[in-house]
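Structure first, commentary second.
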Amino acid sequence: MDNIKAVLFDLDGTLIDSEWFYYKAYRSTLRLYGRELKSEDWLKEFAGKTDGQTFGLLQDKYGVRDEKEVFFDKVREFIKIQHEEEAVPLMPGATDLIHYLWDQQVVMAVVTSSKREVANYHLDKNGVRHFFSALISRTEVQNPKPHPEPYQMCMEKLNVAPQHCLALEDSPTGSASARSAGLTTFGINTHESIRKSLDADRVFDNLHEVREFLENW
């Protein structure tokens, strides 16, 4: 840990437990088109992608022929209803890991494919925004994950070199981005099949395991 000066968190599925939340909204929307979306397909193919990347898959694999904004207006309506019924919590172990890194005086940042207003909403809702020195979202970059630009932009903003950064990611898209930017990358996912697909230096089942490893690293 002496060599690590910054830990860069992915948001959805890594820091906040949002993948199931968003999966339900997309599943409900696709049912309007007579299509069924399985949770395993969502995690393998859609997790970590931008709206644009997601819509391309929906067109190619699920035959969605509506305009992009028409489709996403329907998704947002389901999300709005779900927000009224349930919260999107932090992932198990996230609070302990954040406080551990804070106590160790390790700089933290969030690098996400979500839009800035969405990321800020979730960080504020969970009371953790003040822990993070930087937020790089889909709003700021020209080339989202799996391109290295989001992580490169974050390191430039923090003025930290790749060899001093650790990225935490849950998806193949995100781990490819971090690795191509030269960061040490830990993959975290409860699904074994997805863990095996991550381009990561080490893989973990949850953030509790990550903290335990860092304490003994």
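Annotations
- Least to most buried among Leu8, Leu158 (fewest other Cβ within 10 Å first): Leu158, Leu8
- The residue list Val107, Val118, Ser28 was ranked by how far each Cα lies along the charge dipole of the chain toward its positive end, using unit charges on Cβ atoms, and Ser28 comes out on top.
- Legend: distances between Cα atoms for Lys5/Lys38; Lys80/Lys196; Lys74/Lys157; Lys24/Lys68; Lys80/Lys157; Lys145/Lys196; pairs beyond 28 Å are Lys5/Lys38; Lys80/Lys196; Lys74/Lys157; Lys80/Lys157.
- Each residue of the range 23-30 was assigned a 3J(HN,Hα) from its phi angle through the Karplus curve 6.51 cos²θ - 1.76 cosθ + 1.60 (θ = phi - 60°); the sequence is 4, 4, 5, 5, 4, 5, 5, 5 Hz, with glycine and proline shown as x.
- Hz values of 3J(HN,Hα) by residue in the range 200-208 - Karplus curve (6.51, -1.76, 1.60), Gly and Pro given as x: 9, 6, 8, 10, 9, 7, 7, 6, 4
- FRET E, pair Lys196, Gln59, Förster distance 30 Å, beta-carbon r, rounded to 0.05: 0.60
- Neighbour-limited loop hits for trypsin sites (Lys or Arg not before Pro), the range 1-72 (at most 16 other Cβ within 10 Å; DSSP other than H, G, I, E, B): Arg35, Lys38, Arg65
- Beta bridges from DSSP with both residues in the range 1-152: antiparallel share about 10 percent, rounded to the nearest 5.
- Rough spin-label spacing in nm, given labels placed 7 Å along Cα→Cβ, for Arg27 and His147: 3.3
- Cβ-placed point charges (K, R +1; D, E -1), dipole of the chain about Cα centre in debye, nearest 20: 500
- When each of Leu183, Leu168 is scored by the number of other beta-carbon atoms lying within 10 Å, the sequence from fewest to most is Leu168, Leu183.
- In terms of surrounding Cβ atoms within a 10 Å radius of their Cβ, Ile81, Ile188 rank from fewest to most as Ile81, Ile188.
A short reminder: the numbers here are calculations on the coordinates, not readings from a lab. Here the structure is a predicted model, which is why all the values come from computation and not from measurement. Neighbour counts run over all protein chains shown; Cβ positions are idealised from the backbone, glycine included.
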